[in-house]
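Just below is one structure, and these are the notes that go with it.
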Amino acid sequence: MMLAAGLLLLLLSGCSPQQVQAKQQEARTREMSSTAQLIASITPEVEVNTGDSEISSGTAAAANSLIWGSKPNLGPNSEDLGKLAEELRQVSDTERYRPTSAPTVPGVTRMGRLYIYTGDCSEDFVARCVSEQIAQMDSELSAKSRQVVIDSYYTYTYTYSVSVRQAYSGDDMVWLVGVGVDQTAKEEHKT
């Protein structure tokens, strides 16, 4: 199933340059805010923002890159580990997801991930998979507080954002889901 995520790209293979350009012009993307809302509603343990314009722009950029020929490089759980995810991070101004390194300076660290699912996956299936990924991220991210020096420590809070797009051409379709994680570090002084 993960290998079939490039289904949209198969439309473009084996064609003359004129046919490829015509098929690319027929391909479109659309925002799926209802799917993003569904993800937020079935992930009650954490706050999920569906209105993050930067993650939305990054997801749209990844979808457009897919249409114009960038191939997915799927890892475990349908996460893209290649150029499409890099496009999302560049446009959304996020970093690569790193669950084991907590920041040691106050402020917000933004991380981004991209998941790709084939068109034969239902909206409910995509929402459940992404909800499970968000729950897994929340469980594996750094502890909520960490000792830094004798008289101070950092507390961490996490907020998540999600944007869902479909890339489609004719009857063929691919789901692209951008997930953002804002990790806020605040220095606390022991009293």
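The numbers here are math on the coordinates, done by the rules we state, and not lab data. Keep in mind it's a predicted model, so treat the numbers as computed, not measured. Cβ atoms come from the backbone with ideal geometry, glycine included; neighbour counts cover every protein chain shown.
Summary table
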read-out	value
Interchain or long-range residues, amide H under 5 Å from M32's placed H	V164, R165, Q166
Length-normalised contact order for region 22-96 - Cα pairs under 8 Å, 6+ apart - percent	29
R98-N49 pseudo-label distance in nm [points 7 Å out on the Cα-to-Cβ vector]	2.2
Mean separation of Cα contacts under 8 Å (6+ apart) over length of region 55-147, as relative contact order %	26
Potential lengthening between D138 and V108 on full extension [0.36 nm per residue; Cα-Cα distance subtracted]	9.2 nm
Calculated FRET efficiency for the pair T155/W68, C-beta based, R₀ 45 Å, to 0.05	0.55
For region 83-191: relative contact order, % (alpha-carbon pairs under 8 angstrom, 6 or more apart)	34
Global form of region 54-191, assessed from the alpha-carbon gyration tensor, a/c cut-off 1.5	prolate
